[in-house]
Amino acid sequence: MNNVDKPIRNIQIVPCIDDEASGPAYTVVRFCEELLACGESVRLVTLGCSFLPRKIPFLETYPMRPVMSRLGFSPQMRDRLASAAEHSDIMHNNSLWMMPNVYAGWAVRGRPCRLVISPHGTLSRWALNQSAWKKRVFWALMQGSAVRRASCFHATAEREYEDIRTAGLRRQPVCVIPNGIDTPEMKPKSITENRVLLFLGRIHPVKGVDSLLRAWAAVGHRFPEWELRIAGPDSNGHLPRMKALAQELRLKRVVFCGPLYGGTKLAAYREAELFVLPTHTENFGVTVAESLAAGTPAIVSKGAPWSGLETHQAGWWIDIGIDALAACLEEAMSKSRSELMSMGQSGREWMMRDYSWERMGQMMHLTYKWLLYGGETPAWVRLD
């Protein structure tokens with residue numbers, strides 16, 4: 001058997017997958033499943049999980065030390081990756097700024113195993129400005145040298161490709177491969193007494209929930225048939241602040257639903273007539289794709305790479321800020337149910353056509369083969 005025909009031995013690393021509300025918890029696992037379908041040998045290495053929505057047969061978990069737990073120190077994971085690099089072809093690191101993301105770079109040092117890095121939004125300007133001095137120190141001491149050992153970077157959109165290059169990482173190629181999305185069975189929209197505007201995601205400052213509440217304060221009173229639902233888990237104590245802001249603004253018809261998973265989350269997308277994500281920055285925004293796949297049009301800020309919403313008549317792509325969001329909400333909530341359903345159907349067809357997981361997995365698989373064996377550069381790989 002020629003080397004090119006041998007199954008690729010692939011180690012995937014992600015710090016955590018027990019938070020289903022975060023993008024990588026879903027996307028990394030689905031990429032692994034599609035790479036397995038391509039014939040690869042795949043193991044997913046992560047820190048210990050307190051909650052998993054389903055059994056993952058290719059998962060390995062390792063304990064972390066309680067000291068400086070935010071960094072995820074795990075000598076067991078470090079040793080496992082060092083050993084795995086001896087007999088693996090690809091080591092694919094997901095995210096940055098924790099020790100598991102450093103261990104991957106250490107593991108490939110002096111070995112033929114190729115390192116691929118998916119930043120997952122951690123190199124955006126907004127992300128780099130959060131705890132900026134800590135990240136500068138961590139980059140200088142650990143993360144920078146580990147990242148520079150990459151053979152290739154993975155960006156989920158053109159904007160993330162630009163973030164990678166702006167960070168000074170210009171030597172390695174970048175494959176631009178979006179995340180995929182699972183398209184659920186189409187069911188008729190539930191007709192409820194209230195029309196629902198849904199936000200779903202982590203309640204974190206980056207998501208712009210404060211802007212959403214202020215925009216709702218500006219226009220919500222003109223649409224008494226609409227209800228704003230904010231679903232998602234608290235992140236770093238931001239949820240109580242948002243509840244306090246809603247009280248301060250004396251908002252009506254605003255419901256904080258808590259985290260939603262699995263079938264309950266899908267039901268929320270289906271019941272909503274509009275989805276909204278006023279984020280400051282996203283490398284992809286998996287909740288947008290989930291909403292569209294469920295047949296619900298979306299309002300998304302230009303902090304996320306979803307210009308295609310307008311091209312495909314599936315929603316609105318608007319400037320970041322309260323005024324732009326309030327104006328868009330007024331336009332969108334003025335539309336009839338049938339108009340919004342038509343937009344949702346357009347978005348669903350778009351997801352089914354261009355964002356299938358099978359296609360994305362094959363693109364990543366071919367990228368790995370190109371890194372290992374050469375040949376013609378895939379069309380989605382940027383060398384500039």
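The values are calculated or read from the model by the stated rules, or taken from the named source; none is laboratory data. Being a predicted model, the structure only gives us computed values, none of them experimental. All Cβ positions, glycine included, derive from the backbone under ideal geometry; neighbour counts span all protein chains shown.
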Item checked: Evaluation of Met352 against (1) of a type outside the set (Asp, Glu); (2) touching a Ser or Thr at 6+ places or on another chain (Cβ under 6 Å); (3) crowded, with 18+ Cβ neighbours inside 10 Å (one fails), failing number -> (3)
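Which count do you get for residues in segment 222-251 that are within 13 Å of Leu197 (Cα to Cα) and in contact with a Pro (Cβ under 9 Å, 6 or more places away or on another chain)?
The initial filter retains those residues of segment 222-251 that are within 13 Å of Leu197 (Cα to Cα), namely 223-231.
Subset that is in contact with a Pro (Cβ under 9 Å, 6 or more places away or on another chain): 231.
The qualifying residues number 1.
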Next item on the list: Give Ser131, Ser151, Ser145 a once-over and let me know the one that is closer than 30 Å to Ser356 by Cα, of a type in the set (S, T, N, Q) and out of contact with any Phe, Trp or Tyr (no Cβ under 6 Å at 6 or more places or on another chain).
Entry: Ser151
Check: When you scan segment 147-166, how many residues do you find that are under 17 Å from Asn94 (Cα atoms), out of contact with any Lys or Arg (no Cβ under 9 Å at 6 or more places or on another chain) and either among the charged types (D, E, K, R) or modelled with pLDDT under 95 (or both)?
Finding: 3
Check: Say we look at segment 132-149 and pick out the residues that are assigned to a helix (DSSP H, G or I) and touching a strand residue (DSSP E or B) at 6+ places or on another chain (Cβ under 9 Å); which of these is surrounded by the fewest Cβ atoms within 10 Å (Cβ to Cβ)?
Finding: Ala146
Check: Does Pro240 fit the bill of being surrounded by fewer than 13 Cβ atoms within 10 Å (Cβ to Cβ) and touching a strand residue (DSSP E or B) at 6+ places or on another chain (Cβ under 8 Å)?
Finding: yes
Note to self: Just the residues that are of a type outside the set (A, V, I, L, M, F, W, C), closer than 21 Å to Val176 by Cα and within 20 Å of the chain's Cα centre (by Cα), please, taken from segment 102-157.
What the structure shows: Ser118, Pro119, His120, Gly121, Thr122, Ser124, Arg125, His154, Thr156
Check: What's the number of the condition Glu273 fails, among (1) within 21 Å of the chain's Cα centre (by Cα); (2) more than 22 Å from Asn129 (Cβ to Cβ)?
Finding: (1)
Next item on the list: Only residues that are of a type in the set (S, T, N, Q) and free of Cβ contacts under 8 Å to residues at least 24 places away in the same chain: list them for segment 101-129, please.
Entry: Asn129
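Could you go through segment 152-160 and let me know if any residue there is surrounded by 15 or more Cβ atoms within 10 Å (Cβ to Cβ), free of Cβ contacts under 8 Å to residues at least 60 places away in the same chain and assigned by TED's automatic domain parsing to the domain that holds Trp370.
Pass one, segment 152-160, residues surrounded by 15 or more Cβ atoms within 10 Å (Cβ to Cβ): 152-157, 159-160.
Remaining after also requiring free of Cβ contacts under 8 Å to residues at least 60 places away in the same chain: 153.
From what is left, the residues that are assigned by TED's automatic domain parsing to the domain that holds Trp370 are 153.
Within segment 152-160 (the criterion being surrounded by 15 or more Cβ atoms within 10 Å (Cβ to Cβ), free of Cβ contacts under 8 Å to residues at least 60 places away in the same chain and assigned by TED's automatic domain parsing to the domain that holds Trp370), the answer is yes, since at least one residue qualifies.
Take the conditions assigned to a helix (DSSP H, G or I), touching a strand residue (DSSP E or B) at 6+ places or on another chain (Cβ under 8 Å) and buried (at least 22 other Cβ atoms within 10 Å of the Cβ) and apply them to Leu340. Does it pass?
Numbers: assigned to a helix (DSSP H, G or I): yes; touching a strand residue (DSSP E or B) at 6+ places or on another chain (Cβ under 8 Å): yes; buried (at least 22 other Cβ atoms within 10 Å of the Cβ): no.
Criteria not met by Leu340.
Among the residues of segment 42-59 satisfying the criterion of being buried (at least 16 other Cβ atoms within 10 Å of the Cβ) and at pLDDT 90 or above, which is farthest from Met364 (Cα to Cα)? Lay out the reasoning, then the answer.
Our first condition is that a residue be buried (at least 16 other Cβ atoms within 10 Å of the Cβ); within segment 42-59, this holds for 42-47, 56, 58-59.
This time we only want the ones that are at pLDDT 90 or above, so: 42-47, 58-59.
Numbers: Val42: 13, Arg43: 16, Leu44: 16, Val45: 18, Thr46: 20, Leu47: 24, Phe58: 18, Leu59: 19 Å.
Here the answer is Leu47.
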Next item on the list: Could you look through segment 1-41, keep only residues that are farther than 22 Å from Pro112 by Cβ and among the hydroxyl-bearing types (Ser, Thr, Tyr), and pick out the one that is modelled with the highest pLDDT?
Entry: Thr27
Next item on the list: Enumerate the pairs (first residue in segment 326-352 and farther than 16 Å from Ser291 by Cβ; second residue anywhere and surrounded by 23 or more Cβ atoms within 10 Å (Cβ to Cβ)) with beta-carbon separation below 6 Å, excluding pairs fewer than 6 apart on the same chain, so at least 6 apart or on different chains.
Entry: Ala326/Ala215
Notebook entry, point to check: When you scan segment 351-384, how many residues do you find that are in a helix (DSSP H, G or I) and either over 13 Å from Arg30 (Cβ atoms) or not aromatic (Phe, Trp, Tyr) (or both)?
Noted result: 20
Item checked: Arg111 vs. criteria outside any loop (DSSP other than H, G, I, E, B) and either over 24 Å from Ser145 (Cα atoms) or in the same structural domain as Met364 (by TED's automatic domain parsing) (or both) -> no
